[in-house]
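Undergrad: My questions will all concern the structure given below.
The values are calculated or read from the model by the stated rules, or taken from the named source; none is laboratory data. Because the structure is a prediction, the values reported are computed rather than measured. All Cβ positions, glycine included, derive from the backbone under ideal geometry; neighbour counts span all protein chains shown.
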Amino acid sequence: MPAKFYPALRDCFCLGFFSLALALPAWSQTEFQQCLSGLRSPAKAAGVREDSFARFTQGLTPDLGILEKLNNQPEFRMPIWDYLAALVDDQRVAEGQAELAKHRDLLNRVASQYGVDPATVVAVWGVESNFGQTFGKYPLTQALGTLSCMGHRQSYFRGEFYATLRILQAGHIAPERLVGSWAGAFGHTQFMPTTFERLAQDFDGDGRRDLMDSVPDALASTAHFLTKAGWNPAQVWGFEVKLPAVMELAGEGRKNKRPMSEWVARGLTRVDGGALPANSGPAGLMTPAGPKGPAFLVFRNFDAIYSYNAAESYGLAIAHLSDRLRGAGPFATPWPTDDAGLSRAERREIQTVLTRLGHDIGEIDGMLGDKSRNAIKAEQSRLGHEVNGRAGQKLLRALR
Ligand code: CA
């Protein structure tokens, strides 16, 4: 089971079930309190004492904005080169290398206990919470209480709500510290509460598993997750490959792992033209942007990363960032586009220009949300570009 499922959607790699459109029910605080009262007994059966339930749900109100997020169908599907340009940019590589140096001893101890190398652990940390800088702002009891009583996934979220209450009851994290994403992923590792219960580690030995305020606990928990997901310390995640000039793209895919001898026979090489490693176990061929873009052979460790947040684009971001942290460069094969994606610094630059041009894009945060996209559309229209709300290098150059 992934560490989190819903939060994967924040990147607009949308899944079909979000099309279950629901009208917001008429709602009142009274009805919410009635629903919460109804949860007391099942919560008790799930290990939440009555006094804990009363204490941690006292004064709880629903957050209707969260329900809108649950029902929101993102209409903007981000190309993978945009997704990777923001997640694996020079700034994140530099900050990740600084974190690697800063926590070298800790990361070495984590590696020797769990078998996951420092660069991989730090790459997950960087993508999940920007090295502990972005945890989400939603109080977890409110977010998960709301989703337990409203919306179309109540039974799933009730399990997470009870787990949240058990975490608070056990005193791992103080209630006022427990904030996260609207869907309940929290802390440095962005674990869901049930994932926390299964896999979080107390690595600093203070008796609490604290993913909010303990970097040792968080980094060990990430490594523990990957180990339990099948991480093999003797293997890499995979690598970029060069496809032969003519190749029938059939039978490819992360899941369809074939012996390396078969890939050799089909004419694949390392991206620098070198021979594929023999005896390295079965690998799957991933071509996330089709045969003209970068291609990768991936091993079982890629699946372990994938299980952290079930999206291949996410897995590729972590894998690539880990390579960059080890000193590797960008992919050798360019993405099949003449309008490459923007780093976070370039996104902030474009937001700054849009603001200067008089558009209300909200906070200049490097995240191109609805307001930014509307402003981008207006500028695309003015400039005679295709009007699609996407900002790439072409628009940035035109606006500079
Ligand atoms: Ca601890």
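Undergrad: Output the number of residues of the stretch 352-372 satisfying the condition of being in contact with a helix residue (DSSP H, G or I) (Cβ under 8 Å, 6 or more places away or on another chain) and farther than 22 Å from N130 by Cα. Break it down into steps so the answer makes sense when it comes.
TA: The initial filter retains those residues of the stretch 352-372 that are in contact with a helix residue (DSSP H, G or I) (Cβ under 8 Å, 6 or more places away or on another chain), namely 353-354, 357, 359-362, 364-368, 372.
With the extra rule that they be farther than 22 Å from N130 by Cα, the set shrinks to 353-354, 357, 359-361.
Here the count works out to 6.
Undergrad: Could you run through the stretch 76-96 and say how many residues are basic (K, R) and not in a helix (DSSP H, G or I)? If you could, list the steps in order and put the result at the bottom.
TA: Going through the stretch 76-96, the residues basic (K, R) turn out to be 77, 92.
Adding the requirement that they be not in a helix (DSSP H, G or I) leaves 77.
Count: 1.
Undergrad: Separate question: Do we find a residue being at pLDDT 95 or above and touching a His at 6+ places or on another chain (Cβ under 6 Å) anywhere in the stretch 157-177?
TA: Scanning the stretch 157-177, I find no residue that is at pLDDT 95 or above and touching a His at 6+ places or on another chain (Cβ under 6 Å), so the answer is no.
Undergrad: Given the options A275, A283, name the one that is modelled with pLDDT under 95 and not assigned by TED's automatic domain parsing to the domain that holds G115.
TA: Values: A283 fails: modelled with pLDDT under 95.
Exactly one residue qualifies, and that residue is A275.
Undergrad: Could you tell me which numbered condition K137 fails, if it satisfies all but one of (1) under 21 Å from the mean Cα position of the chain (by Cα); (2) more than 16 Å from the ligand (Cβ to nearest atom); (3) crowded, with 17+ Cβ neighbours inside 10 Å; (4) of a type in the set (D, E, K, R)?
TA: Against the list (1) under 21 Å from the mean Cα position of the chain (by Cα); (2) more than 16 Å from the ligand (Cβ to nearest atom); (3) crowded, with 17+ Cβ neighbours inside 10 Å; (4) of a type in the set (D, E, K, R), K137 comes up short only on (3).
Undergrad: What's the number of the only condition in (1) within 11 Å of the ligand (Cβ to nearest atom); (2) out of contact with any strand residue (DSSP E or B) (no Cβ under 9 Å at 6 or more places or on another chain) that G230 fails to meet?
TA: Condition not satisfied by G230: (1).
Undergrad: Pairs, please: C-beta under 7 Å, at least 6 apart or cross-chain, first residue acidic (D, E) and in the stretch 187-205, second within 12 Å of the ligand (Cβ to nearest atom) and outside any loop (DSSP other than H, G, I, E, B)?
TA: Listed pairs, sorted by first residue: D202/D217; D204/P216; D204/D217.
Undergrad: Please indicate, with yes or no, whether at least one residue in the stretch 271-288 is in contact with an Asp or Glu (Cβ under 8 Å, 6 or more places away or on another chain), assigned to a loop (DSSP other than H, G, I, E, B), of a type outside the set (V, I, T) and farther than 16 Å from V121 by Cβ.
TA: Of all residues in the stretch 271-288, those in contact with an Asp or Glu (Cβ under 8 Å, 6 or more places away or on another chain) come to 271, 284-288.
In the following step, the residues that additionally are assigned to a loop (DSSP other than H, G, I, E, B) were identified as 271, 287-288.
The next check asks that each one be of a type outside the set (V, I, T); those that pass are 288.
In the following step, the residues that additionally are farther than 16 Å from V121 by Cβ were identified as 288.
Yes, because at least one residue in the stretch 271-288 is in contact with an Asp or Glu (Cβ under 8 Å, 6 or more places away or on another chain), assigned to a loop (DSSP other than H, G, I, E, B), of a type outside the set (V, I, T) and farther than 16 Å from V121 by Cβ.
Undergrad: Let me ask another. Hey, can you tell me all the residues within the stretch 142-165 that are in contact (Cβ under 8 Å) with a residue 40 or more places away in the chain, of a type outside the set (G, A, S) and surrounded by fewer than 21 Cβ atoms within 10 Å (Cβ to Cβ)?
TA: Q142, H152, R153, R158
Undergrad: Taking G327, is it in a loop (DSSP other than H, G, I, E, B) and more than 30 Å from P277 (Cβ to Cβ)?
TA: So G327 does not fit the description; no.
Undergrad: Further question: Answer with yes or no whether K292 is in a loop (DSSP other than H, G, I, E, B) and among the basic types (K, R). Before you say what the answer is, go through the steps one by one.
TA: On the way: in a loop (DSSP other than H, G, I, E, B): yes; among the basic types (K, R): yes.
Spelling it out, K292 is indeed in a loop (DSSP other than H, G, I, E, B) and among the basic types (K, R).
Undergrad: Go through (1) small (G, A, S); (2) outside any loop (DSSP other than H, G, I, E, B); (3) more than 27 Å from A295 (Cα to Cα) for G205 and report which single condition fails.
TA: Evaluating G205 over (1) small (G, A, S); (2) outside any loop (DSSP other than H, G, I, E, B); (3) more than 27 Å from A295 (Cα to Cα) leaves (2) as the failure.
Undergrad: Somewhere in the stretch 207-219, is a residue more than 16 Å from the ligand (Cβ to nearest atom) and at pLDDT 95 or above? So that I can check it myself, show each step before the final result.
TA: So the first thing to find is which residues in the stretch 207-219 are more than 16 Å from the ligand (Cβ to nearest atom), and the list is none.
Scanning the stretch 207-219 turns up no residue that is more than 16 Å from the ligand (Cβ to nearest atom) and at pLDDT 95 or above.
Undergrad: Taking the stretch 349-386 on its own, how many of its residues are in a helix (DSSP H, G or I) and among the aliphatic types (A, V, I, L, M)?
TA: Restricting attention to the stretch 349-386, the residues satisfying the condition of being in a helix (DSSP H, G or I) are 349-356, 370-383.
So of that shortlist, the ones also among the aliphatic types (A, V, I, L, M) come out as 350, 353-354, 375-376, 378, 383.
Qualifying residue count, the stretch 349-386: 7.
Undergrad: Yes or no: A278 of a type outside the set (K, R), away from the ligand (no atom under 16 Å from the Cβ) and exposed (fewer than 14 other Cβ atoms within 10 Å of the Cβ)? Write out each step before concluding.
TA: On the way: of a type outside the set (K, R): yes; away from the ligand (no atom under 16 Å from the Cβ): yes; exposed (fewer than 14 other Cβ atoms within 10 Å of the Cβ): yes.
It is true that A278 is of a type outside the set (K, R), away from the ligand (no atom under 16 Å from the Cβ) and exposed (fewer than 14 other Cβ atoms within 10 Å of the Cβ).
Undergrad: A follow-up question, please. Would you mind stating whether T194 is more than 16 Å from the ligand (Cβ to nearest atom), farther than 20 Å from N130 by Cβ, at pLDDT 95 or above and surrounded by fewer than 24 Cβ atoms within 10 Å (Cβ to Cβ)?
TA: So T194 passes the test.
Undergrad: Determine, yes or no, whether G59 is more than 28 Å from G132 (Cβ to Cβ), assigned to a loop (DSSP other than H, G, I, E, B), out of contact with any Gly (no Cβ under 8 Å at 6 or more places or on another chain) and without any contact (Cβ under 8 Å) to a residue 60 or more places away in the chain.
TA: On the way: more than 28 Å from G132 (Cβ to Cβ): yes; assigned to a loop (DSSP other than H, G, I, E, B): yes; out of contact with any Gly (no Cβ under 8 Å at 6 or more places or on another chain): yes; without any contact (Cβ under 8 Å) to a residue 60 or more places away in the chain: yes.
Yes: the conditions hold for G59.
Undergrad: While we're on this one: Scan the stretch 258-270 and give yes if some residue there is among the acidic types (D, E), surrounded by fewer than 22 Cβ atoms within 10 Å (Cβ to Cβ), part of a loop (DSSP other than H, G, I, E, B) and outside the structural domain of A123 (by TED's automatic domain parsing), otherwise no.
TA: Of all residues in the stretch 258-270, those among the acidic types (D, E) come to 262.
Going one step further and asking which of them are surrounded by fewer than 22 Cβ atoms within 10 Å (Cβ to Cβ), we end up with 262.
Then drop every residue that is not part of a loop (DSSP other than H, G, I, E, B), which leaves none.
No - not one qualifying residue is present in the stretch 258-270.
Undergrad: Would you point out the residue of the stretch 197-206, among those that are within 9 Å of the ligand (Cβ to nearest atom) and farther than 21 Å from T134 by Cα, that is surrounded by the fewest Cβ atoms within 10 Å (Cβ to Cβ)?
TA: Ranking the qualifying residues of the stretch 197-206, first place goes to G205.
Undergrad: To continue, here is another question. Report whether or not G315 is modelled with pLDDT of 95 or more and surrounded by fewer than 23 Cβ atoms within 10 Å (Cβ to Cβ).
TA: Details: modelled with pLDDT of 95 or more: yes; surrounded by fewer than 23 Cβ atoms within 10 Å (Cβ to Cβ): no.
No, not satisfied.
Undergrad: Okay, moving on. Is it the case that A185 is away from the ligand (no atom under 16 Å from the Cβ) and of a type outside the set (S, T, Y)? Break it down stepwise before answering.
TA: On the way: away from the ligand (no atom under 16 Å from the Cβ): yes; of a type outside the set (S, T, Y): yes.
Here the answer is yes, as A185 does meet what is asked.
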